[in-house]
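The values are calculated or read from the model by the stated rules, or taken from the named source; none is laboratory data. Since we're looking at a predicted model, the values are computed, not measured. We place every Cβ from the backbone using ideal geometry, glycine too, and count neighbours over all the protein chains shown.
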Amino acid sequence: MSRSHPTDPLLARDAAVMWHPYTQHALGEPPLPVASAHGAWLNLTDGRRLLDAVSSWWVNLHGHGHPALVSALSAQAARLEHVLFAGCTHEPAVHLGERLIALANAGGANVERVFYSDNGSTAVEVALKIAFQAAQQRGETGRTRFLALHGAYHGDTFGAMAVGEPEGFHSVFRPLLAPVDFIRPDDLATLNWTLETRGHEYAAMIVEPLVQGAAGMRMYSAGFLAEAARLCRGRGVALIADEVFTGFGRTGTMFAFEQAGVSPDLICLSKGLTAGMLPLAATLATRALFECFQGEGVDRAFLHGHSFMANPLACAVANASLDLLLEPAAIARRAELAEQTRRHVAALRSHRGLKNPRSLGLIGAADLRNGTGAYGSSASRRLRAEAATRGVLLRPLGDVLYAVPPYCVTDEELATIWRVLGEIAAP
Ligand SMILES: Cc1ncc(COP(=O)(O)O)c(C=O)c1O
């Protein structure tokens, strides 16, 4: 297809007016024209079908167009589509909040409050702001910095960029960002020393528990997270678990922090929260943090809100998704898929074009042996195109090939994904 004259009318119209995320438009690569989607499959306007091996940017859990979610959405739309959440409340939001708290606490957390927003980045902004304002209101006014991990990705808004990898693609914004210090995952000695000497300067430490998704599915030890949580607690530094990617079963447990036996002060949720049907996010907080905002004057309150926070449609869909997620058969199926993923990934150990195969739960990844490392490199664009010709939607992260399929994949579909991944990486 030519750069300037796409033949599909939709692509021509798209090329005239759309500005896509993470896209160099000067390269003129046409997007995939998607007409509909069912289960793990995307149907394109030109008749092609693609297996969605990336769960549409890690949001989809039960497959596209799941009937239980569609009916929850339409039933809720007929009842209450939206109302402001300042000074109003509604059943879907409260019910979902109660369930999220119960689920997080069943995994070892000790949270009591839910603050809604719309996307993963805002869930992170909210957590950072709560931790900072709480410290200020406790009188710990020297806590003006955050701690984060090298390789981190927490979103694209200013607070979220600040706690993302400092040398990464956000670095152009660094002069505008909040002060943050970075520790390498698994570098306990530096973390210990930093908290020992300067622990009183930090309002919070934020981590993606166990898997740094956007960094290239980099995995680190549960032991490091457990020790980080212990050290943070000892120095009065709030621990923020960003479970935007890892939440809702991706890593084999409901939340990844459970595997480290830690109890975060703040938990950020989005993506799988609505199983990929609608935008919604939640930041869960402990009672101690919530209490820092109590007082006579409104100035002590958390003065933050979004027009569409706690959107009833999104909350209703999220509740329907939790019903599906918690069915015993679904839990057993996720365990099977995790085991199959482990085996498919282990089989790549002898692959000549790949190295460092790794998996956790339903996340599997491996690095190109001779890659360049660059995010959006021509290699990753070529691999994406080759996977698409073989009927699979993949989005390599620089050198890293990975699959994060929806939980509705069949054994055969999962095998296809890993076969195609191995084929396109062949040297
Ligand atoms: C761990 C993590 N946090 C936050 C975000 C940002 O979420 P959103 O794209 O919904 O703003 C992402 C997105 O990939 C993520 O992986």
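Here E243 fulfils each of the conditions (1) crowded, with 24+ Cβ neighbours inside 10 Å; (2) away from the ligand (no atom under 11 Å from the Cβ) apart from (2). Meeting the requirement of 2 or more residues that are in contact (Cβ under 8 Å) with a residue 24 or more places away in the chain, outside the structural domain of T253 (by TED's automatic domain parsing) and polar (S, T, N, Q), the helices (runs of 4 or more DSSP H) wholly within segment 15-109 are 55-58.
In segment 147-154, the count of residues that are over 30 Å from V83 (Cα atoms), assigned by TED's automatic domain parsing to the domain that holds C315, touching a Phe, Trp or Tyr at 6+ places or on another chain (Cβ under 7 Å) and part of a loop (DSSP other than H, G, I, E, B) is one or more. Among the residues of segment 248-301, those that are over 17 Å from the mean Cα position of the chain (by Cα) and among the aromatic types (F, W, Y) comprise F290, F293. Listed conditions (1) farther than 13 Å from Y116 by Cα; (2) in contact (Cβ under 8 Å) with a residue 60 or more places away in the chain; (3) surrounded by 19 or more Cβ atoms within 10 Å (Cβ to Cβ) are all met by Q259, apart from (2).
Is at least one residue of segment 132-146 in a loop (DSSP other than H, G, I, E, B), within 16 Å of the ligand (Cβ to nearest atom) and of a type outside the set (V, I, T)?
So far as segment 132-146 goes, no, none of its residues is in a loop (DSSP other than H, G, I, E, B), within 16 Å of the ligand (Cβ to nearest atom) and of a type outside the set (V, I, T).
Quick check on L414: is it within 13 Å of M217 (Cβ to Cβ), modelled with pLDDT of 95 or more and hydrophobic (A, V, I, L, M, F, W, C)? When the stated conditions are applied, L414 does not pass them. Run down L61, L73 and say which single residue is more than 16 Å from the ligand (Cβ to nearest atom) and within 27 Å of N319 (Cα to Cα). Selected residue: L73, the only one of L61, L73 that is more than 16 Å from the ligand (Cβ to nearest atom) and within 27 Å of N319 (Cα to Cα). The residue that is farthest from the ligand (Cβ to nearest atom), counting only those in segment 166-179 that are touching a residue at least 24 places away in the same chain (Cβ under 8 Å) and under 23 Å from T197 (Cβ atoms), is P179.
So, in segment 137-157, how many residues would count as being surrounded by fewer than 16 Cβ atoms within 10 Å (Cβ to Cβ) and under 21 Å from W57 (Cβ atoms)? So the count comes out to 1.
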